[in-house]
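Notes follow the structure.
The values are calculated or read from the model by the stated rules, or taken from the named source; none is laboratory data. Quantities reported herein were computed from a predicted structural model and do not represent experimental measurements. All Cβ positions, glycine included, derive from the backbone under ideal geometry; neighbour counts span all protein chains shown. Only protein heavy atoms, including side chains, enter the accessible area calculation; ligands, DNA and RNA are left aside. Shrake-Rupley method; radii C 1.70, N 1.55, O 1.52, S 1.80 Å.
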Amino acid sequence: MTVINQLSSSLGHKGNDANIYLAKEIAETENNDAIKELVENLKNKDKKIQADCIKTLYEIAYIKPDLIASYFSEFLGLLSNKNNRLVWGGMIALMTITDLKSKELFVSLDLISDTVNKGSTITIDSGIEIYAKLNKYSEYQDKVENLLIEQLWKCPIKQLPKYMEKSIISITKWNREIYKKIINERKPECEKDSQVKRLNKVLKQIDKK
């Protein structure tokens, strides 16, 4: 049985349980042949197969990102796809391997930022995390931090707590003031007490940097 025959749509299943189970199995056995087959079928004529493949690939990466890292160029290629499922799926895959392929993703930062600027919420979510991960590296900060800060200023207020939490990994005593400024100036926009509490928690974390 090929790996494609084990995907949710091939089995006639609704939902992603089969894809997630398959991803765990592939990750545990480090089945590189299966991963190659999944990548090749991102171009399958059946959009359901395409969706199952990208889902399985990034589920593998949640467990062992190094198994899919060599396919970064294929995931970057998905960002220009007309199928939005592949766009945000590709962005998730890239997010999982950012630390492993930081140089390669930085080279493609213009493509990533263009995709974030016109993307869906899920695309933006993963893009923010890519920015935050890249911003940990001093050699990328001049360009990446501006992109991250731009998103933090303009994102819907309901997204800000999550995005600030993602950004913590790249905040230091050297750059923390701008992030504190964003939180303090945008906090009055909050519609729920829970949003304020999360932002206040981030502020405390920043102050410990």
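For every residue, the table says whether it meets (1) within 14 Å of the chain's Cα centre (by Cα); (2) of a type in the set (F, W, Y); (3) closer than 17 Å to Y58 by Cα.
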residue: R85; (1), (2), (3): yes, no, yes
residue: K101; (1), (2), (3): yes, no, yes
residue: V107; (1), (2), (3): no, no, no
residue: Y131; (1), (2), (3): yes, yes, no
residue: D142; (1), (2), (3): no, no, no
residue: L148; (1), (2), (3): yes, no, no
residue: C155; (1), (2), (3): no, no, no
residue: L160; (1), (2), (3): no, no, no
residue: I169; (1), (2), (3): no, no, no
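Residues in the range 74-98 that are out of contact with any helix residue (DSSP H, G or I) (no Cβ under 6 Å at 6 or more places or on another chain), in contact (Cβ under 8 Å) with a residue 12 or more places away in the chain and open to solvent by 60 Å² or more (accessible area, probe 1.4 Å): S80, N84.
Say we look at the range 185-204 and pick out the residues that are open to solvent by 80 Å² or more (accessible area, probe 1.4 Å) and either outside any loop (DSSP other than H, G, I, E, B) or not charged (D, E, K, R) (or both); which of these is nearest to D125 (Cα to Cα)?
R198
One residue stands out in the range 1-24 among those that are outside any helix (DSSP H, G or I) and in contact (Cβ under 8 Å) with a residue 12 or more places away in the chain: the one that is surrounded by the fewest Cβ atoms within 10 Å (Cβ to Cβ), namely T2.
Would it be correct to say that I124 is surrounded by fewer than 20 Cβ atoms within 10 Å (Cβ to Cβ) and in contact (Cβ under 8 Å) with a residue 24 or more places away in the chain?
No: the conditions fail for I124.
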